[in-house]
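What follows is a set of notes on a single structure, which appears directly below.
The values are calculated or read from the model by the stated rules, or taken from the named source; none is laboratory data. Please read all numbers here as calculations on a predicted model, not as lab measurements. Because the Cβ atoms are built from the backbone with ideal geometry, glycine has one as well, and the counts that use them run over all protein chains shown. Please note that ligands, DNA and RNA were not included when accessible areas were found on the heavy atoms of the full protein model with its side chains. Shrake-Rupley method; radii C 1.70, N 1.55, O 1.52, S 1.80 Å.
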Amino acid sequence: MQTGASTDQGVAHETGRVLKQVFGFDSFRPNQEEIVQAILDQRDAFVVMPTGGGKSLCYQLPAHAMPGTCMVISPLISLMKDQVDAAAATGLRAAYLNSALKAKERVAVQRDLMAGELDLIYVSPERFAMEEFIDVLGHVDLAFTAIDEAHCISEWGHDFRPDYLNLSTLTKRFPDVPVAAFTATATHRVQEDIVTRLGLRRPHVVRASFNRPNLFYKVVPKQKAMQQILRFVKDHAGESGIIYRTTRNSVEETAAMLAEAGIKALPYHAGLDPETRAANQDAFNRDEVDVVVATIAFGMGIDKSNVRYVLHGDLPKNIESYYQETGRAGRDGDPAQCLLLFGYADIPKIRYFLDQILDADEQQHALRCLNEMVNFATVHVCRRTALLKYFGETYPESNCGGCDVCAGEVERVDATRDAQMILSAIARTGERFGMMHVVDVVAGADTERIRQLGHDQIKTYGVGKDREKRYWRFLLDNLLAQGVVEQTEGKYPVLQLCPPSREVLFGERQVHVLRTRKSAPKRKAGAATAVEAYDEALFDELRGLRRRLAAARRIPPYVIFSDRTLHEMARKFPVTGAQMLRISGVGEAKLEKYGKPFMEAIAEFREGRGAGA
Ligand code: ADP
Ligand code: MG
């Protein structure tokens, strides 16, 4: 269908129809319609939208609706095939050109491209730098160019790619072709850099909200990380999840621990050879394993829409990273969980790395960022409000319903008296001992060392023996995080008092900590909490069917239908084409390609159910 670009009244109506017919969606996500319109109006556009916001649709819909071809610049060759498969499953005419293609395949794609038979051509930035390819483009009717992951052009961004700098010639070489740039990276500095480097011409700028309403944020004290991780993964058996760990070793150990416990998990870090890395990512993409345990090297290439949780086993170094990493959960819009295990011991490890930064300003900045991250984890403020505040956004609701604080799972308790006990123990032992020993003193441990040092004779010995050592460690973590006590650097860090400690000791300052409520209330059915009820047995069956179809076609399962779409099928039991088309995510092409086996499976399931009842 080629409607051409026009600005008359019918257009809004028209885009809505294409949205339903081709993509199978009933309504646009926030900002999508406005961006689509700008592109149809042949304006440059610059779009900052969070992961999962639905950026692809913003250029795919116009690519389908406008005459000519949309060139998509995309940084990851490994991802291009999946992107093209996804577009093709939706019924778009799409292909890619990159170094992974054989010469013969490349020639065929170039022929289709020049013959005007493609809605979308995905290319890598390297390809765009080749004169030979520019010559080909000279024979192509380019509708517009879409630049995905546009922050890669900025040296301020975290994924800078020198190849992206080539793209600054785009508007000079093809002055008549509009450019739409997309990124999920939030800072204003990066934004300005991108617009300047690409030479966008009075672009239509959209900064979407960074709120991810379907994500549930939760922070718990890190005690025994391995056990906590295992329990969480078991509680989410069969769901896709990413576990982030800081070091390659802990990635390997965690993946091995999970595998040992019978969970399908694979590691991912920069120390693995590229083939293993690609194979592990692929297995995850294809739902062949449930869990990837990864360092931050596992990032941009994840377009998998049904990641149901992201668990941070260690403290991220700043809120930006935490946000980007948790952002990989729940792209399909269904509820997803973000769990952070917070332990004070992670802070000095990060500080150690920040100490290596040579530029003093930059180091200060990094330290401030780390403090903000620690605050996020330890302060009794809605997590969502805190995250959005970091991006300069004010979250309007007083209760987000989608974090442990707002859901009432944690409470703020006055721990001033307990803090005084600890601080007093530190003072009375001469500020010469580490965490373990101080905890032993307060908890009244009967150890050789305590007796030797005569610490069983001091006044605070055993004042806290009615509580577990774990509690005292937790409290010390909090005091450190709140700067109420300090810890020396080095191999044997000792605890020392600082001015705020004295304020607490003299009763001039209170200490509050966050604690998991004993009888945590049931989560309200808020935005980020529960998927609407669906038939789980049917969902499992449909998911199995999806996996088999995907394997046969060598494409990732989510390219066929998202989890969200399968949930809706398992709720509404569509068995006719018309019923199928009413399901969100089922457009005409997908109905034709995949509708039949799914309708059959649903009909069969219904019959089995009827007979059994
Ligand atoms: P981004 O690139 O912004 O991270 P994607 O383009 O990958 O996000 O889209 C994320 C998910 O949202 C995909 O599964 C996509 O099919 C879905 N999606 C996009 N637009 C809509 C919409 N209007 N209604 C429902 N789902 C949508
Ligand atoms: Mg994307």
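Across segment 242-257, coupling constants 3J(HN,Hα) worked out from phi with the 6.51/-1.76/1.60 Karplus curve, θ = phi - 60°, read 10, 10, 9, 10, 6, 10, 4, 4, 5, 4, 4, 5, 5, 5, 5, 4 Hz, and Gly and Pro carry x. In whole percent, how big is the carbon plus sulfur part of the accessible area of the chain, probe 1.4 Å, protein atoms only? Carbon and sulfur atoms account for 50 percent of the accessible area of the chain.
Restricting to the chain, compute how many DSSP beta bridges are antiparallel as a %, nearest 5. About 10 percent, rounded to the nearest 5. The mean sequence distance of close C-alpha pairs (under 8 Å, at least 6 residues apart), as a share of the length of the chain, puts its relative contact order at 14 percent. The overall shape of segment 105-146 is rounded: from the C-alpha gyration tensor, with semi-axes ordered a ≥ b ≥ c, the ratio a/c is less than 1.5.
Counting charges near Ala255 (Lys, Arg +1; Asp, Glu -1) among other residues having Cβ under 14 Å from its Cβ returns a value of 0. Across Lys234, Lys81, the residue with the most accessible area heads the list, and the full order at a 1.4 Å probe is Lys234, Lys81.
Between the C-alpha center of segment 258-303 and that of segment 349-391 there is a gap of 28 Å.
The string of couplings for segment 192-201 from the Karplus curve (6.51, -1.76, 1.60, θ = phi - 60°) is 5, 4, 5, 4, 5, 5, 7, x, 5, 9 Hz, one whole number per residue in order, with x for Gly and Pro. Computed from the alpha carbon atoms alone, the convex hull of the chain holds 182 Å³ per residue. Solvent exposure of Glu600, expressed as accessible area, is near 100 Å², computed with a probe of 1.4 Å over the protein chains only.
Need one word for segment 536-609: rounded, prolate or oblate. Basis is the Cα gyration tensor (sqrt eigenvalues a ≥ b ≥ c); a/c below 1.5 gives rounded, then a/b vs b/c decides. Since a/c reaches 1.5 but b/c is at least a/b, the shape of segment 536-609 is classed as oblate. The length gained on full extension between Arg173 and Arg509, counted as 0.36 nm times the residue separation minus their Cα-Cα distance, comes to 114.5 nm. Evaluate E = 1/(1 + (r/R0)^6) for Met114 and Asp163, where r is the Cβ-Cβ distance and R0 equals 22 Å; express this FRET efficiency to the nearest 0.05. Once the sixth-power term is evaluated, E becomes 0.35.
Based on C-alpha pairs under 8 angstrom that are at least 6 apart in sequence, segment 395-466 has a relative contact order of 26 percent. Rolling a 1.4 Å probe over the protein heavy atoms leaves Arg509 with an accessible area of roughly 80 Å².
What the Cβ-Cβ distance of Glu536 and Lys596 gives, at R0 = 30 Å and to the nearest 0.05, is a FRET efficiency of 0.80. Residues Thr576, Thr15, ordered by accessible area of protein heavy atoms at a 1.4 angstrom probe radius and largest first, appear as Thr576, Thr15. Relative contact order of segment 77-148, taken over Cα pairs closer than 8 Å and 6 or more residues apart, is 31 percent.
Using the alpha-carbon centroid of each, what span in Å lies between segment 106-157 and segment 172-212? Centre-to-centre distance over Cα atoms comes out at 18 Å.
Put a dot 7 Å past the Cα of Asp235, heading toward its Cβ, do the same for Asp456, and the two dots end up 4.0 nm apart.
The aspartates and glutamates within cross-link reach of Lys224, meaning a Cα-to-Cα straight distance under 15 Å and a gap of 8 or more places when in the same chain, are Glu253, Asp314, Asp346, Glu468, Asp477. Label separation (Arg368 vs Gln21): 5.3 nm, computed from points 7 Å beyond Cα along the C-beta direction.
Working note: 222 nm ellipticity from helices only, DSSP H runs with n ≥ 4, each -39,500 (n - 2.57), summed and divided by the residues of the chain, gives -12500 deg cm²/dmol to the nearest 500.
Amide H to amide H, with H built 1.01 Å from N, Gly343 comes under 5 Å of Lys222, Leu315, counting only residues 5 or more places away or on other chains. For the pair Val379 and Phe573 in one chain, pulling the backbone fully straight at 0.36 nm per residue adds 65.3 nm over the alpha carbon distance.
Computed extension gain for Glu126 through Glu393, at 0.36 nm per residue and net of the alpha carbon distance, reaches 92.5 nm. For segment 215-409, what does the alpha-carbon gyration tensor say about shape, rounded, prolate or oblate, given a ≥ b ≥ c as the root eigenvalues, a/c under 1.5 as rounded, and a/b over b/c as prolate? Cα axes put segment 215-409 in the oblate bin. Close amide H pairs (under 5 Å, H built 1.01 Å from N) link Ala181 with Ala45, Phe46, Val47, Ile147, residues at least 5 positions away or on another chain. Pairs from the list Lys234/Lys349; Lys349/Lys469; Lys55/Lys593; Lys317/Lys465 with a Cα-Cα gap above 27 Å: Lys234/Lys349; Lys317/Lys465. The Asn249 and Asp141 beta-carbon pair, evaluated with R₀ = 51 Å, returns a calculated FRET efficiency of approximately 0.45.
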